[in-house]
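Following: one structure in structure tokens, then a few remarks.
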Amino acid sequence: MIRYFASRRGDERGAVAILVAVLAIVLFASAAISVDIAKQVDRKHLLKNQLDAAATAAAFYLDTGTNGLQQAVDKASTFFEQNGEGSLDADDVSFWCVVGRKLNGDGTPFSTPMVADYQIPSGGQTAGVCNPDATSSATQWKQSEYQNRVRAWDGATFSMTCNKTLCAIPCGLKDASDGSSPGTSAYNGLPITCNTIRVGADQDVPFSFAPVIGVDKGSTGAQVAVACKGPCGAISPNPMDVVVMADRTMSMIDGRTDYRSQLADGIKGMLQVMTPEQQYVAFGALGPSALKRTESPESKSCTSGDKGLIYPSTSETVASGGSWVPIQFHDDYSTMNSNGARTLDTNNALYKAISCLSQANPGTHTALAASLKSAARYLLNKPGEDNNVSALGGANRAGLPRKVLIFETDGQPWEPQTSSSASALSLDNSTDVFSNDTDHTDQTTQQSTSPYTATGLPDGVNPQQHPSKYNNYKYTYNQTGTETDQTTSTTWYGGEQACDNFKQIADLAKAAGVLLITIGYNLDGKYCADYNNGGSLPHTTSNTTYSGTPYISAITPTKCISGGSGTAADPYQQNTKCSANATITYTADRTVTTTTNVNREPDESVAQVLGAAASGPDGAGSGSAAADACDGTNRNVENGDGDFFFCAAQGDDLAPIFITALSQVTTGVKLMNLPVG
């Protein structure tokens, strides 16, 4: 028995050796696989870095012109290859329109996932954050409408996706097999524009040790990078000081439609996508307010006797102590809820002031340069217009705040005030800048003198009757004199000068570092000179005047003269007892005056003036606008040319334009975590 168990122990020692050998193989295999897995994980991280670099570089080209998409694809491929291994295929790149999601009043997501108002051009609107293609003419940009969209040239399928605050819509899917031109949206007839690029790829990782156990390679899995240029559903939270000047004059009413309410909606929509902790907003209006900036605006209401926070001044000046910019900078106009969405504070003074925008005095006219000057001075913290940026802690914001002035008007300069002196064209004083609409110069351009003879007598002359006892004689009367033809050209320049003043103040503001955004409403066919002399030009008038009282310069025969020398100072006296036929000559000098009223050249359109006043595409220089820039298809071109002049044909256009305009201030690229595709 003892020998039996001893034999068994010897057999087990051999089994252990075999087991150890097998385990050693497994152990070495596991170590080898661990090395390959580490290589796989490392390649996954490198691939993600490659894609991030490719997407970031490509996003800069999204709005660079007709071939922007193709340039973006090329740049993505180039950067991908320069920053790692492999290359991108055509279907690795796709384009999207990323915008804000529609929210309820409390900032929670709307139950039906869909795009927020004013983000995408709709109806007759021509502005928005971006413009994806559409197949419906009545779309509300619901998520359910944009599922499994097939790209024509390669069959790739994409769907609209939304998270709590953003929506991503497939973009540029209609035309061009090479992806260079996205085509035109069937929905609104505007060019398709994209603000987001998605770059995705997966790669195989060859294994070094794992092949010994039959595993040759692994995969990084699908990796994605998403980069957006511009607002991407919210205006980038870089620091800004923004002054908004809105036209609330009665010309903003078209028939029974008061477009000032749409204007107010546009400004509120812009606030909805801004970051108040970084982007301070002040508010003013045309015409000025009787409310002083030092007064408490919260005590006012739209329905009270003083007609709200920005209540009407009785004139276009602020000599009474009011202000063009009565609502100081605010950093508390919205709060963020648990969903990460911004909710406007309806009790905030800024919000209430915008809501009261329609309360204006019918007698208030549009003064362009004075309002722009005051807003620029406040933005620049000039003495006498000191702002409250420091009190809000503005110095603690990261980076250098951008100073932005948004100026909206329907562009009808009418300034009945006394003209300003040249010294008012400066940002260093608080004098309002005006040009009276009746300002003019007179110039005599032609003058000639000639004798004339006319029948009858000058007006107001009663001929002396011959006494009846001498009625066998008769008197003959004639009229002579000197006639002066004089043509006077009266040049009216009040409206043109008002526009020139506006451009000069704009140039001073831009030179001081202000980015000036101008928004024109309903500008078709409007010219600066329209309100010269009350808008009654051109016209021509003629009139005849006499320089003095007619006098008797001759009497024949001379025996009928009883005195005088025949001059204007000593006219002849008639001998009423002269018994002879007599001829009496009256002389009166007269002037025939022709006055021609003209407007000063050049007669610029208001669109041209607002275009020149705006900042150029690079934030410096000047924008541009054709005379009919806000007419028809030209409006679409103008709103997409990259400068900071925008125009709206109707009130509904105003809301998206405000978002578009301020979004364009920040065109930087950022990586996003929003899943698209």
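Search the stretch 436-454 for residues that are more than 30 Å from residue 502 (Cβ to Cβ) and pair each with any residue that is open to solvent by 90 Å² or more (accessible area, probe 1.4 Å) and β-branched (Val, Ile, Thr) when their beta-carbon atoms are under 6 Å apart and the residues are at least 6 apart or on different chains.
Within 6 Å, no pair qualifies.
Of all residues in the stretch 424-462 being of a type in the set (Ser, Thr, Tyr) and open to solvent by 80 Å² or more (accessible area, probe 1.4 Å), which is modelled with the highest pLDDT?
Taking the stretch 424-462 first, the residues of a type in the set (Ser, Thr, Tyr) are 426, 430-431, 435, 438, 441, 444-445, 448-450, 452-453, 455.
If we keep only those that are open to solvent by 80 Å² or more (accessible area, probe 1.4 Å) as well, we get 430, 445, 449, 453, 455.
Working: 430: 90, 445: 76, 449: 83, 453: 79, 455: 69.
My answer is 430.
Quick one: in the stretch 377-410, which of the residues that are in a strand (DSSP E or B) and among the hydrophobic types (A, V, I, L, M, F, W, C) is farthest from residue 529 (Cα to Cα)?
Among residues in the stretch 377-410 that are in a strand (DSSP E or B) and among the hydrophobic types (A, V, I, L, M, F, W, C), the one farthest from residue 529 (Cα to Cα) is 404.
Is it the case, given these coordinates, that residue 504 is touching a Ser or Thr at 6+ places or on another chain (Cβ under 7 Å), open to solvent by 40 Å² or more (accessible area, probe 1.4 Å) and either outside any strand (DSSP E or B) or modelled with pLDDT of 90 or more (or both)?
no
Tell me whether the stretch 338-351 contains one or more residues that are within 24 Å of the chain's Cα centre (by Cα) and assigned to a strand (DSSP E or B).
Checked against the condition, which is being within 24 Å of the chain's Cα centre (by Cα) and assigned to a strand (DSSP E or B), the stretch 338-351 yields at least one hit.
What is the residue count in the stretch 544-561 for residues that are of a type outside the set (A, V, I, L, M) and modelled with pLDDT of 80 or more? First the steps, then the outcome.
Pass one, the stretch 544-561, residues of a type outside the set (A, V, I, L, M): 544-551, 553, 556-560.
Still in the list and also modelled with pLDDT of 80 or more: 550-551, 553, 556-560.
Summing the residues that are of a type outside the set (A, V, I, L, M) and modelled with pLDDT of 80 or more in the stretch 544-561 gives 8.
Output the residues belonging to the stretch 192-217 that are open to solvent by 60 Å² or more (accessible area, probe 1.4 Å), at pLDDT below 80 and in contact with a strand residue (DSSP E or B) (Cβ under 6 Å, 6 or more places away or on another chain).
204, 206, 217
Would you mind finding the one in 358, 374 that is outside any strand (DSSP E or B), at pLDDT below 90, under 30 Å from residue 525 (Cβ atoms) and open to solvent by less than 50 Å² (accessible area, probe 1.4 Å)? Step through it out loud before you land on a result.
Numbers: 374 fails: at pLDDT below 90.
The conditions single out 358.
Among the residues of the stretch 171-180, is there at least one that is surrounded by 15 or more Cβ atoms within 10 Å (Cβ to Cβ), over 30 Å from residue 88 (Cβ atoms) and modelled with pLDDT of 75 or more? Please lay out each step first, then the result.
Here is the first cut: in the stretch 171-180, the ones surrounded by 15 or more Cβ atoms within 10 Å (Cβ to Cβ) are 171-176, 179-180.
Remaining after also requiring over 30 Å from residue 88 (Cβ atoms): none.
Checked the stretch 171-180: no residue is surrounded by 15 or more Cβ atoms within 10 Å (Cβ to Cβ), over 30 Å from residue 88 (Cβ atoms) and modelled with pLDDT of 75 or more.
Please go through the stretch 96-120 and give me each residue that is open to solvent by less than 20 Å² (accessible area, probe 1.4 Å), not in a loop (DSSP other than H, G, I, E, B) and not small (Gly, Ala, Ser), ordered by number.
Scanning the stretch 96-120 gives 96, 97, 98, 99, 114, 115.
Condition (residue is open to solvent by 70 Å² or more (accessible area, probe 1.4 Å), at pLDDT below 90 and more than 30 Å from residue 436 (Cα to Cα)) applied to the stretch 403-418: is it met by at least one residue?
Initially, the stretch 403-418 is screened for residues open to solvent by 70 Å² or more (accessible area, probe 1.4 Å), giving 414, 418.
Subset that is at pLDDT below 90: 414, 418.
Right, trim to more than 30 Å from residue 436 (Cα to Cα) and you get none.
No: zero hits.
Can you pull out every residue in the stretch 218-258 that is open to solvent by less than 10 Å² (accessible area, probe 1.4 Å), part of a loop (DSSP other than H, G, I, E, B), at pLDDT below 80 and closer than 30 Å to residue 288 by Cα?
235, the sole residue that qualifies.
So which residues in the stretch 294-330 are open to solvent by 50 Å² or more (accessible area, probe 1.4 Å) and at pLDDT 60 or above, if there are any at all?
294, 295, 296, 328
Residue under question is residue 524, and the condition is that it be assigned to a loop (DSSP other than H, G, I, E, B) and within 30 Å of residue 659 (Cβ to Cβ); does it hold?
yes
Looking only at the stretch 70-89, count how many residues are closer than 11 Å to residue 201 by Cα and buried (at least 19 other Cβ atoms within 10 Å of the Cβ).
Number of matching residues: 2.
Please give the strands (runs of 3 or more DSSP E) falling wholly within the stretch 545-651 in which 2 or more residues are touching a residue at least 40 places away in the same chain (Cβ under 8 Å), hydrophobic (A, V, I, L, M, F, W, C) and open to solvent by less than 60 Å² (accessible area, probe 1.4 Å). Even if it seems obvious, please write down each step before you answer.
Working: elements: 551-556, 561-563, 582-587, 590-599, 645-648.
Those strands (runs of 3 or more DSSP E) span 582-587, 590-599, 645-648.
Does residue 517 satisfy being modelled with pLDDT of 80 or more and either more than 28 Å from residue 263 (Cα to Cα) or assigned to a helix (DSSP H, G or I) (or both)? Talk me through it step by step, then tell me what you get.
Details: modelled with pLDDT of 80 or more: yes; either more than 28 Å from residue 263 (Cα to Cα) or assigned to a helix (DSSP H, G or I) (or both): no.
So residue 517 fails the test.
Output yes when any residue across the stretch 271-292 is surrounded by fewer than 22 Cβ atoms within 10 Å (Cβ to Cβ) and at pLDDT below 80, and no when none is.
Yes.
Before we move on, is residue 430 in contact (Cβ under 8 Å) with a residue 24 or more places away in the chain, among the small types (Gly, Ala, Ser) and part of a loop (DSSP other than H, G, I, E, B)?
The answer is yes for residue 430.
The values are calculated or read from the model by the stated rules, or taken from the named source; none is laboratory data. None of the values given here were measured: they were computed from a predicted structure. Neighbour counts are summed over all protein chains in view; Cβ atoms, including those assigned to glycine, are modelled from backbone coordinates with ideal geometry. Note: accessible area is taken over every heavy atom of the protein model, side chains too, but ligands, DNA and RNA are not part of it. Shrake-Rupley method; radii C 1.70, N 1.55, O 1.52, S 1.80 Å.
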